[in-house]
Amino acid sequence: MNSLRQPFWLCLALITTLYLGFWLAMLAATATYTSLGDMSQVLMSREIRYSTMLSLVTCTVSALLSVIVAVPVAYLMSRRRFSGHSLIDAALDIPIVLPPMVVGICLLIFFQTTAGHYIEKVVPFTYTIAGVILAQFVIAAAFAIRTMRGVFDHLPARPEEVALTLGATRWEAFSQVTLPAARNGMFAAASVAWARSLGEFGPVLVFAGATRMKTEVLPTSVWMAWSVGELEQGVAVSLLMIVISMVVLISVRAMGERI
Amino acid sequence: MIRLENITWKAPGFVLNEVSFEVPASTYGVLMGKTGTGKTTLLEMICGLRTPVSGRIFLVEVDVTSLSPGQRGIGYVPQDGALFPTMAVREQIGFGLRLQKQPADAILSRVSELAEETRVSHLLDRKPQGLSGGEKQRVALARALIMRPKVLLLDEPLASLDEDTQDDLIALLQRTQQDHGITVLHVTHSRREARTLGQVQLQLENGSVSSHTPG
């Protein structure tokens, strides 16, 4: 009775196959657009090696920062109800629904204010590598918070309450009972934030610029190549991004399942 | 001894209206009531997990109304045991003593003692996943007893267990109460549990509690 041959399951399997098939067809078309020789020549260039390294480093830092922020924010939103809770909940999703370019403009304008100038005296963000990380983080954190919120909503509060009756402080109950149970969720949030950061283009371009060998990350490399008609270079970098994303996501998922 | 004086609580769906009752020291009290009448809320207020709108809570003659859950000297066993998801049974039971930074050998010896008493010695290295309902409740009971509480609070500990397991746990709860000489408040909607265990039977209905001591 539960056979996949039933019309209902067949329909669902067909939709899944069509969707995945379309994706695979796109990837195959992109992969065959350029030759291996041309691709390796592009990828070994100094500029692309720099933007690859910068992408890997900035994505990792912004993913870590996203999880560090996402855990307390999501825990608060999941466990406590207070006046303005729904409003704050909606506000936390703003970076998810805003066009990424708008986020970049908001960042740029904020750092033109007095507060922004003071911050920049300590850490310069505009058109720097720190700015690349901040632009990636602002959006990636929203996705990490959404992921962690689901994780904490799913974990019952009762074990923490039992820990409190055994003499634990709030912090001890959180760090010794809830946080270990949320490990897989934290890996999921980090991988979502990492993947999101890797693909971030609009805010990075507006806020950190696209200066070669300085603030150029892989999506900006694709855009720069495309804008001057160097299609092979754009395709080579795109393929590299696809490979990096798949390797990182598969590794993180495998690691998450083991933990 | 557990004494509640004029406890008031308001929530959507039910109101506790100046609830007062007492379970004498070293007595097994059972609080009965239909689902949704506020039994668990009342227990959570005694635990210190919720603050009553008004009224006072006394445990062993001490006013604990404003004390934190950890300062009340209670043991708490929630409905499904609420075991810590990532800890082995040994760590679960020793959790309270570990928080107090007691020496490792003292923790080990107390854990072994309680594991033997609650008959979970063979489960000490297991994680909660895969334990049966009865095993989970035994572990939760051992964990609650580790701090040598004067008051034990049980929230429907036998719900969703089969009858044989219920009988086993009933015998364990009776033995535990007598051996440790503690005051127990056991929340349930089962008349059978109330009849078998309750030295003092309390009925929560329409926001107030009536008391009955079986002859």
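The values are calculated or read from the model by the stated rules, or taken from the named source; none is laboratory data. Here the structure is a predicted model, which is why all the values come from computation and not from measurement. FYI the Cβ positions are ideal-geometry reconstructions off the backbone, even for glycines, and counts take in every protein chain you see. The accessibility values were calculated without ligands, DNA or RNA, using every heavy atom of the protein model including side chains. Shrake-Rupley method; radii C 1.70, N 1.55, O 1.52, S 1.80 Å.
Taken as a whole, the structure places B:Glu116 among residues that are more than 11 Å from every other protein chain (Cβ to nearest Cβ) and among the acidic types (Asp, Glu). Is segment A:184-199 home to any residue that is basic (Lys, Arg), open to solvent by 30 Å² or more (accessible area, probe 1.4 Å) and more than 14 Å from every other protein chain (Cβ to nearest Cβ)? Scanning segment A:184-199, I find at least one residue that is basic (Lys, Arg), open to solvent by 30 Å² or more (accessible area, probe 1.4 Å) and more than 14 Å from every other protein chain (Cβ to nearest Cβ), so the answer is yes. Within the set A:Ala195, A:Ala210, the sole residue that is free of Cβ contacts under 8 Å to residues at least 24 places away in the same chain, assigned by TED's automatic domain parsing to the domain that holds A:Arg79 and farther than 25 Å from B:Glu44 by Cα turns out to be A:Ala210.
Out of A:Leu14, A:Leu27, A:Leu4, I need the residue that is outside the structural domain of A:Leu218 (by TED's automatic domain parsing), aliphatic (A, V, I, L, M) and surrounded by 12 or more Cβ atoms within 10 Å (Cβ to Cβ). Which one?
That would be A:Leu27, the only listed residue that is outside the structural domain of A:Leu218 (by TED's automatic domain parsing), aliphatic (A, V, I, L, M) and surrounded by 12 or more Cβ atoms within 10 Å (Cβ to Cβ).
When A:Asp153 is tested against (1) open to solvent by 70 Å² or more (accessible area, probe 1.4 Å); (2) closer than 30 Å to A:Ala181 by Cβ; (3) without any contact (Cβ under 8 Å) to a residue 24 or more places away in the chain, just one condition goes unmet, and that condition is (3). Among residues that are in contact with a strand residue (DSSP E or B) (Cβ under 9 Å, 6 or more places away or on another chain) and part of a helix (DSSP H, G or I), A:Val204 is not included. Considering B:Arg138, B:Arg175, the condition of being away from every other protein chain (no Cβ under 14 Å), closer than 20 Å to A:Ala163 by Cα, without any contact (Cβ under 8 Å) to a residue 60 or more places away in the chain and in contact with a helix residue (DSSP H, G or I) (Cβ under 9 Å, 6 or more places away or on another chain) is satisfied by B:Arg138 alone.
Would you mind stating whether B:Gly134 is closer than 22 Å to A:Ala168 by Cβ and either within 16 Å of the chain's Cα centre (by Cα) or at pLDDT 95 or above (or both)? Criteria not met by B:Gly134. In the set A:Val138, A:Val132, only one residue is away from chain B (no Cβ under 14 Å) and open to solvent by less than 30 Å² (accessible area, probe 1.4 Å); that residue is A:Val132. Check segment B:34-56 and report whether any residue there is of a type in the set (Lys, Arg), closer than 27 Å to A:Ala163 by Cβ and either open to solvent by 40 Å² or more (accessible area, probe 1.4 Å) or without any contact (Cβ under 8 Å) to a residue 60 or more places away in the chain (or both). Looking through segment B:34-56, at least one residue is of a type in the set (Lys, Arg), closer than 27 Å to A:Ala163 by Cβ and either open to solvent by 40 Å² or more (accessible area, probe 1.4 Å) or without any contact (Cβ under 8 Å) to a residue 60 or more places away in the chain (or both). Restricted to segment B:51-67, and to residues there that are in contact with a Lys or Arg (Cβ under 9 Å, 6 or more places away or on another chain) and in a strand (DSSP E or B), the residue that is nearest to the other protein chains (Cβ to nearest Cβ) is B:Leu59. Residues considered: B:Gly70, B:Gly81, B:Gly96. Of these, the only one that is within 14 Å of chain A (Cβ to nearest Cβ), crowded, with 18+ Cβ neighbours inside 10 Å and either of a type in the set (S, T, N, Q) or more than 22 Å from A:Thr169 (Cβ to Cβ) (or both) is B:Gly81. Is it the case that B:Val89 is closer than 30 Å to B:Lys127 by Cα, crowded, with 19+ Cβ neighbours inside 10 Å and more than 10 Å from chain A (Cβ to nearest Cβ)? So B:Val89 fits the description; yes. In segment A:170-181 there is no residue matching the filter, namely being surrounded by fewer than 24 Cβ atoms within 10 Å (Cβ to Cβ), away from every other protein chain (no Cβ under 14 Å) and touching a residue at least 24 places away in the same chain (Cβ under 8 Å).
Scanning segment B:3-43 for residues that are assigned to a loop (DSSP other than H, G, I, E, B) and charged (D, E, K, R) returns a single hit, B:Lys34.
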